[in-house]
Each structure stands twice: as structure tokens, then as C-alpha cells.
């Protein structure tokens with residue numbers, strides 16, 4: 001039986017936050033209201049959006065405005081995608097779960113919506129981690145974990161600015177607050 005190839009791709013985007021710097025810049029006080037989240041500004045140096053090399057649209061720059069060069073892992077992102085490709089957004093603190101955890105709370109287009117309806121998904125998965133004695137024994141154990149992400153389907157190529165709202169929690173599951181920024185996302189045909 002011939003292999004059936006999918007006609008769309010799944011594009012994963014990881015957004016990392018320098019939560020300690022965000023808290024420092026805001027005197028350790030973030031908004032507790034997602035509708036009035038603390039703004040990180042138009043081109044924050046505390047947000048890093050990355051995707052795989054195959055999905056990054058290089059040669060256009062990732063800077064605060066088209067034509068400027070920021071490189072990947074800035075607060076804006078240029079990706080290669082076709083209509084009907086699915087983009088999955090995950091968030092992480094640079095300290096991972098040791099101190100803070102970040103969750104994408106909401107995002108929406110400011111103008112033309114290049115992405116379809118957004119779904120927020122929590123999947124229960126089993127994840128490996130290094131067992132005591134690693135790396136000498138080369139053993140891993142497994143533990144259940146929740147994989148949370150938002151996803152949307154590409155409707156059309158082009159530039160769009162979105163408003164993202166992210167919830168930040170400390171390691172004791174206490175809300176530190178909500179932050180927002182308005183990245184532009186460029187979707188170019190593959």
C-alpha cells in the first residue's frame with residue numbers, strides 16, 4: 001500500500017520568556033487582570049520566539065520592523081508556511097519550571113487574521129527524564145506531564161500583528177501576573 005503524505009505541515013514555535021528580567025523591569029509587580037496585562041512594549045528584549053530552521057523565513061530579518069535584522073529568537077517571527085499548515089505555540093520560562101512557568105493565555109490579530117480560530121490544548125503525555133546516575137548509567141525514567149499549547153491554521157500568507165497575552169506563575173502555582181506584547185508575524189509561502 002503506498003504511503004499517504006499529508007498535504008499540510010505542523011510548525012512548532014517555542015516562545016521563551018526572561019521572567020526574572022520582566023519582573024525586575026516591572027518592580028516585581030505584574031497585572032493580575034488578563035484584560036489589562038502588563039505591556040512589554042513593541043519590541044521587548046525579554047521574549048524570544050523560535051522555530052526550526054526549515055520553518056524560519058531567513059533573509060528578511062526578524063527585527064522590530066520589516067527590513068531590519070534581528071535574527072531568529074527575537075520578539076517577532078517570520079515563518080514559512082502554506083495555507084492549511086498548522087502552527088503550534090508553546091511557551092517556556094528561561095528558568096524552565098525551576099522558578100516560573102508561562103502559559104499562552106490569549107492571542108488575536110490586530111488587523112487581517114492570517115490564522116484561523118485558535119485552540120488551546122492540554123495533552124497528557126509521558127515524558128522521559130534522566131534517572132539518578134545519569135549520564136554514566138544512560139538510564140531514563142518516565143513521568144506523566146501536561147503538554148499545553150495553542151494552535152491555529154494558516155488562512156493566508158502575509159504580515160500580521162497579533163496581541164499575545166501570557167500568564168506567568170511561580171513554582172508554587174501562584175499567579176505572578178499577565179504580560180502582553182504585539183509581535184508581527186510574517187507568513188510566507190514555502
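Below, the figures for the structure above:
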quantity	calculated
Residue list for region 11-60, filter: modelled with pLDDT of 90 or more and at positive phi	27, 28
Close pairs (6 angstrom Cβ cut-off, 6 or more residues apart or separate chains): outside any strand (DSSP E or B) in region 166-189, buried (at least 20 other Cβ atoms within 10 Å of the Cβ) anywhere	183/75; 183/76
Total residues in region 101-140, condition touching a helix residue (DSSP H, G or I) at 6+ places or on another chain (Cβ under 9 Å) and part of a loop (DSSP other than H, G, I, E, B)	0
Evaluation of residue 156 against (1) over 17 Å from residue 12 (Cα atoms); (2) touching a residue at least 60 places away in the same chain (Cβ under 8 Å); (3) part of a strand (DSSP E or B) (one fails), failing number	(3)
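The values are calculated or read from the model by the stated rules, or taken from the named source; none is laboratory data. Treat the numbers as computed from the prediction; the structure is a model and nothing was measured. We place every Cβ from the backbone using ideal geometry, glycine too, and count neighbours over all the protein chains shown.
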